[in-house]
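What follows is one structure encoded as structure tokens, with my remarks underneath.
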Amino acid sequence: QVQLVESGGGLAQAGGSLRLSCAASEHTFSNYDIGWFRQAPGKAREFVAATRRGGGFTYYVDSVKGRFFISRDNAKNTVYLQMNSLKPEDTAIYYCAAKSGSFRYIEEKAYDYWGQGTQVIVSS
């Protein structure tokens with residue numbers, strides 16, 4: 001069982017930055033692909049970014065490319081989501097998730113473990 005805890009959310013102005021963290025309890029954290037998803041009010045949860053277990057591969061939804069950057073530190077069992085040039089439409093609850101299977105990075109159902117989420121609010 002992998003427990004994931006997100007942190008770093010909060011209030012930011014448009015154009016500002018936030019860095020989210022996802023800390024995992026599992027010492028075999030490096031065996032999991034990690035994804036970030038978000039859910040805006042009244043909308044379905046959507047994929048944001050993912051990093052492969054060994055690193056060296058990242059994938060982003062088009063709306064955040066060039067603004068958000070995902071990275072991982074397996075020694076610290078932590079994945080980060082650096083969010084720059086924030087827009088009001090980035091307002092959402094952000095979730096990190098872990099999966100042991102390969103590929104299917106954008107599919108919610110592929111992920112085995114989920115955190116509780118952290119709220120991000122971007123004001124205009």
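Some points to look at:
- Looking at region 37-110, the accessible area is 51 square angstrom per residue; that uses a 1.4 Å probe and ignores ligands, DNA and RNA.
- Taken about its Cα centre, region 43-100 carries a charge dipole of roughly 200 debye when the Cβ of each Lys and Arg holds +1 and the Cβ of each Asp and Glu holds -1.
- Around the Cα centre of region 1-58, unit charges on the Cβ atoms of Lys, Arg, Asp and Glu (plus for the first two, minus for the last two) sum to a dipole of about 140 debye.
- Apolar share of the accessible surface for the chain: 48 percent from carbon plus sulfur atoms, 1.4 Å probe.
- Percent of Cα-Cα distances greater than 22 Å, calculated over the chain: 26 percent
- Modelled spin-label separation between Asp73 and Ser123, with each label point placed 7 Å from Cα along the Cα-to-Cβ direction: 3.0 nm.
- Think of each Lys and Arg Cβ as +1 and each Asp and Glu Cβ as -1; about the Cα centre, that makes the dipole of the chain roughly 160 debye.
- Dimensionless Rg/Rh of region 28-97 - Kirkwood Rh, Rg from C-alpha atoms: 0.98
The values are calculated or read from the model by the stated rules, or taken from the named source; none is laboratory data. Computed from a predicted structure; not experimentally measured. Note: ideal-geometry Cβ built from the backbone for every residue, glycine included; neighbour counts use all protein chains shown. To get the accessible areas, we keep the full protein, side chains included, count just its heavy atoms, and leave off ligands, DNA and RNA. Shrake-Rupley method; radii C 1.70, N 1.55, O 1.52, S 1.80 Å.
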